[in-house]
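> What follows is a single structure, and I will ask about it in a moment.
Since every read-out is calculated from the coordinates, none of them should be taken as a lab result. On a predicted model such as this, the values are computed, not experimentally measured, just so you know. Cβ coordinates were reconstructed from backbone atoms using ideal geometry, including for glycine residues, and neighbour counts include every protein chain displayed.
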Amino acid sequence: MATTNIVIIDDHQLFREGVKRILEFEPSFNVVAEGDDGADASGLVAEHEPDVVLMDINMPEINGVEATRELMDKYPETKVIILSIHDDENYVNHALKTGALGYLLKEMDSDALVDAVKIVAEGGSYIHPKVTHNLVAEYRRLANASNSGGFQQSEVRRPLHLLTRRECEVLQMLADGKSNRGIGEALYISEKTVKNHVSNILQKMNVNDRTQAVVTAIKNGWVEVR
């Protein structure tokens, strides 16, 4: 099993230790270094060449967005997951524009943290399910404004011309904000199988991440908005 080397940068030591403890339960994860400010990021990446950097968005000297931008300039292959207390889509968009591949709220559970690191380490992207729901809510608000009326979803038409029935089920659960583990438990399948289904869905829908898949599915009436 390949090892995923991780650097954690967060100015709250107790939070950092909690994240490290969760990550160390995964046999394939290895926390190689920790920092308490964005100013530490470049040096730690240069020294340890991690697969994933977990970066707090709010730090006293250099914040996570500035540090991520600097990392992208110096080490463009670095995979960064932003850790934040903000679920506003403006924060998310700003963070992702700097080159981060993930955005996690600090209220995350251990499943979301593990899923995010695994997905981002493999070159995918991960946005916290609650943030995805907020993005969906914003889409609904815009739809409401443009239609000058309430958001009325037409009858759901599952995209069986594009996806298998199982993939349609997984797509609906992505829209519901479930993690890989949550989807696996609901469908009685392994996380590895869920991951394969998600990869197939993204490829067939020609999108880059789960959020794009969910928004596209909503626009096309392929999932229930609930």
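> Calculate one ³J(HN,Hα) per residue across the range 20-28 by plugging θ = phi - 60° into the Karplus curve 6.51 cos²θ - 1.76 cosθ + 1.60, and present them in order as whole Hz with x for glycine and proline.
4, 4, 5, 5, 6, 6, 8, x, 8
> Moving to a separate point now. Could you tell me the extents of the range 154-226's C-alpha atoms along the three principal axes, largest first, rounded to whole Å?
Its Cα atoms span 32, 24, 20 Å along the three principal axes.
> Assuming a ≥ b ≥ c are the square roots of the Cα gyration tensor eigenvalues, decide whether the range 1-52 counts as rounded (a/c under 1.5), prolate (otherwise, with a/b larger than b/c) or oblate.
It is oblate, given that a/c is not under 1.5 and a/b is not larger than b/c.
> Over the alpha-carbon set of the range 4-128, divide Rg by the Kirkwood Rh and report the Rg/Rh ratio to two decimals.
Answer for the range 4-128: 0.91.
> Treat every Asp and Glu Cβ in the chain as -1 and every Lys and Arg Cβ as +1, leave all other atoms uncharged, and give the resulting dipole magnitude about the Cα centre to the nearest 20 debye.
So the magnitude is around 1440 debye.
> Which is the longest stretch in the chain that no exposed loop site breaks, taking sites as chymotrypsin sites (Phe, Trp or Tyr not before Pro) with a DSSP loop state and at most 16 other Cβ atoms within 10 Å?
Within the chain, the longest run free of exposed chymotrypsin sites (Phe, Trp or Tyr not before Pro) spans 26-150.
> Let me ask you something else. Would you pull out the residues with amide H under 5 Å of residue 29's amide H, same chain only if 5 or more places away, H placed 1.01 Å from N?
HN-HN under 5 Å from residue 29: 4.
> Next question. What's the percent breakdown of Cα-Cα distances in the chain across 5 Å bins, shortest bin first?
1, 7, 14, 18, 18, 15, 11, 8, 5, 2, 0, 0
> Taking the square root of 5 times each eigenvalue of the Cα gyration tensor, what semi-axes in Å does the equivalent ellipsoid of the range 33-72 have, largest first?
They are 15, 10, 9 Å, listed largest first.
> Looking at the chain, how many pairs of lysines come closer than 13 Å at the Cα, when each pair is eight or more places apart or spans two chains?
Lysine pairs, 8 or more places apart or on different chains, close enough: 6.
> Contour minus end-to-end for residue 25 and residue 224, with contour as 0.36 nm per residue of separation and end-to-end as the Cα-Cα distance?
68.1 nm
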